[in-house]
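Following: one structure in structure tokens, then a few remarks.
The values are calculated or read from the model by the stated rules, or taken from the named source; none is laboratory data. Here the structure is a predicted model, which is why all the values come from computation and not from measurement. Here the Cβ positions follow ideal geometry from the backbone for every residue, glycine too, while neighbour counts run over all protein chains shown.
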């Protein structure tokens, strides 16, 4: 059983009351096992009190709540306005499902470098289906935490990690994360879901490759200095000069670099790369700084951020879901650069998911980095939408 609710009320406790009342009616008085609550920054100050109100009304087994720049609801993407959205789920009945919430903070870090201790801390087991994480970007070592969690059971039992980095705060200490009755302004909160439940994850990066793949030959930290034995900036400029005018116009909104996940594939296309932003260029060194630490020998390709490509990619992924039973619930995390910034209007990602998946209860948020697995490994994405579907 699942349900979702969204409120656009500016008063935090009123918004929480509206959300809780709708969920209470949907559950007919039954207490959900878990509630995921996302709130815009308009609600940051009073969010702890609002969560207390919601817990008193719904009596959930666990409540995970966080603030974000924008929240997503049932067919709505509340950009730049007050919003509160919640997804509630009950895993009862004959199935045996285990949910284990956990948190990491300065006073209680998780043992990233100790796989067995990490698995025990987050209650990961061979039947773990997914780990959902809501993380403060200023204090969470996400680039180390995601692969550590994904591989803490060994290579034979990869764990899918979804969720994302909270958006909206411009400085440390301004995000809010709440796990039951504990309030944090740093670290992360997580939910490990194991047992007899089907959880599917979709990752759509919304970009398409242009030009040809090329090998990184020199780099320094996150700066690529050589591509194919030539200065990196010269190679990129030559490629851009050969593109049609329409594609060059799309690149004016920002250059993206895709790193091939498996460079041994004969043909590389959409879905075969992890896409990263180009953070800047160094004219003197003819180099590119990107949002990742590249290594010599890796294959990369220039990518375009394209609304049409994003729409087509999402449709293709949802085509593959038509062979499954309808999802009972969906948790959606999108890049804060999508929505109106990419599509020229709000509601694209939530609308298409609900339309293609028979309108499941849905909640989510826009992130400063989206967590999601591709080809068995977990990555932090920068242009993606990640859907966690509960079967």
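Data table
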{"item": "Selection status of residue 299, in the same structural domain as residue 34 (by TED's automatic domain parsing), surrounded by 15 or more Cβ atoms within 10 Å (Cβ to Cβ) and at pLDDT 90 or above", "result": "no"}
{"item": "Test: residue in the range 186-199 that is closer than 29 Å to residue 264 by Cβ, in contact with a helix residue (DSSP H, G or I) (Cβ under 6 Å, 6 or more places away or on another chain) and crowded, with 20+ Cβ neighbours inside 10 Å", "result": "no"}
{"item": "Of residues in the range 310-328 being assigned to a helix (DSSP H, G or I) and in contact with a helix residue (DSSP H, G or I) (Cβ under 9 Å, 6 or more places away or on another chain), the one surrounded by the most Cβ atoms within 10 Å (Cβ to Cβ)", "result": "310"}
{"item": "Qualifying positions in the range 75-99 - surrounded by fewer than 24 Cβ atoms within 10 Å (Cβ to Cβ) and either in contact with a helix residue (DSSP H, G or I) (Cβ under 7 Å, 6 or more places away or on another chain) or not assigned by TED's automatic domain parsing to the domain that holds residue 14 (or both)", "result": "75, 76, 79, 82"}
{"item": "Residue in the range 247-256 that is touching a residue at least 40 places away in the same chain (Cβ under 8 Å), under 19 Å from the mean Cα position of the chain (by Cα), crowded, with 19+ Cβ neighbours inside 10 Å and not assigned by TED's automatic domain parsing to the domain that holds residue 77 present", "result": "yes"}
{"item": "Residue satisfying all of: in the range 349-366; closer than 18 Å to residue 307 by Cα and touching a residue at least 60 places away in the same chain (Cβ under 8 Å); surrounded by the most Cβ atoms within 10 Å (Cβ to Cβ) among these", "result": "366"}
{"item": "Out of 132, 178, sole residue that is part of a strand (DSSP E or B), in contact with a helix residue (DSSP H, G or I) (Cβ under 6 Å, 6 or more places away or on another chain) and touching a residue at least 40 places away in the same chain (Cβ under 8 Å)", "result": "178"}
{"item": "Top-ranked residue in the range 10-36 [being touching a residue at least 60 places away in the same chain (Cβ under 8 Å), outside any helix (DSSP H, G or I) and in contact with a strand residue (DSSP E or B) (Cβ under 8 Å, 6 or more places away or on another chain); ranked as surrounded by the most Cβ atoms within 10 Å (Cβ to Cβ)]", "result": "36"}
{"item": "Subset tally (residues that are in contact (Cβ under 8 Å) with a residue 60 or more places away in the chain and more than 19 Å from residue 166 (Cβ to Cβ)) for the range 62-114", "result": "14"}
{"item": "Verdict on residue 39 being under 29 Å from residue 353 (Cα atoms) and not in a loop (DSSP other than H, G, I, E, B)", "result": "yes"}
{"item": "Test result for residue 41, at pLDDT below 95, under 30 Å from residue 149 (Cα atoms) and touching a strand residue (DSSP E or B) at 6+ places or on another chain (Cβ under 9 Å)", "result": "yes"}
